[in-house]
Amino acid sequence: MSAPHDSPTRTYPQGVPCWIDLEVDDVDAALAFYGALCGWRFTEKLPPGAPGRYVVASQDGTDATAIAAIASPSTSGAPRSTWNTYLAVDDAAASAARVLGLGGTLDGVVEVVGPPEEPAGHLVRFRDPQGVPSRLWQAGTRIGAQRVNEPGTWNFSNLLTDDQDAALAFYGPLLGWTVGELGYGMVRVEGYGAHLAATVDPGILERQEHVPAGFADVVAGIGPAEGTPRWVVVLAVADRDAAAATAIEAGATLLTTEDTEWTKEATIRDPFGAELVLSQFDPPEEYLAAEAAALG
């Protein structure tokens, strides 16, 4: 669950997914679709006349509630529409060199995003050894998503690959990812739960007394690709079925639905060709009781 709205700035340690954006040819159509689906408000971040657009989605039109962005394609020959996941790093240049040393490839040099005197951050576009496009982000003024895990916001990103051992052999040394006793399916960054408890979510460890040890450190999912290896973004919704119906009415295609122990999910393809998951949080009763007790 999310922290209160008067919480401090949400920060992201090394290895934690920190931001998402959608690259799409028809930015205006995507704004209309996701605005209706998620209730987002939008702010243009590039000046008039700039090549392309970068539009930040938020709850109230301010960076304090930033969620994601919708943008023009950044590279020629990119897929018609794709959601990108950004992974936080402390040093973009050093991490880019590490990508190469671990068998990945760079899609460009380290890029300073924004004015040099006050950059939004440093960006590295790369592909892992299995060819999955990914992004590293050394934060400047744009720290990352400030509203997560509540309906209408980013909930998770899943790395889909048919060789999870190979993926962890790459992302483990690069970002500190482990699966530990939780096993495949959930990727951890050691200490992330403690970071959340010390910053934006002081009750997280008490709420999670009834979940597997280490769950508070989970930062991403990893699972079988069933197709091309890729990242898939998960958006939280209040009602899976209602959100899926809204998406379909607006031109999306329903691919699958699934009920898990913790969620009700619908995988869709948006009208522009991007795959994503709509996820309703539906936890066991004991978790809800523990959360209520922790919140007092």
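Each reported figure results from applying straightforward, stated rules to the coordinates on display, with no laboratory input. These numbers were taken from a predicted model, which means no experiment stands behind them. Backbone-built Cβ (ideal geometry, glycine too); neighbour counts: all protein chains shown.
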**Report entry** Test item: Cα-centred dipole of the range 17-295, Lys/Arg +1 and Asp/Glu -1 on Cβ, debye
**Finding:** 800 debye
Query raised in the report: Which longest uninterrupted range of the chain lacks any GluC sites (Glu not before Pro) assigned by DSSP to a loop state (not H, G, I, E or B) and surrounded by at most 16 other Cβ atoms within 10 Å?
Result: 1-116
Report summary line: The alpha-carbon center of the range 209-271 and that of the range 88-162 are separated, in whole Å, by 22 Å
Query - Candidates 180, 227, 39, ranked by Gaussian network fluctuation over the chain, Cα under 10 Å, top entry - result: 227
**Report entry** Estimated 222 nm signal from helices in the chain, with DSSP H stretches of n ≥ 4 weighted -39500 (n - 2.57), rounded to 500
**Finding:** -6500 deg cm²/dmol
Query - Translational diffusion coefficient (Stokes-Einstein; Kirkwood radius from C-alpha pairs) of the chain at 25 °C, 0.890 mPa s, in µm²/s - result: 125 µm²/s
Query raised in the report: Looking at the range 88-191, which chymotrypsin sites (Phe, Trp or Tyr not before Pro) are in a loop (DSSP not H, G, I, E or B) and have at most 14 other Cβ atoms within 10 Å?
Result: 184
Report task. Compute the distance in nm between two label points, each set 7 Å from the Cα along the Cα-to-Cβ direction, one at residue 205 and one at residue 107. Result -> 3.8 nm
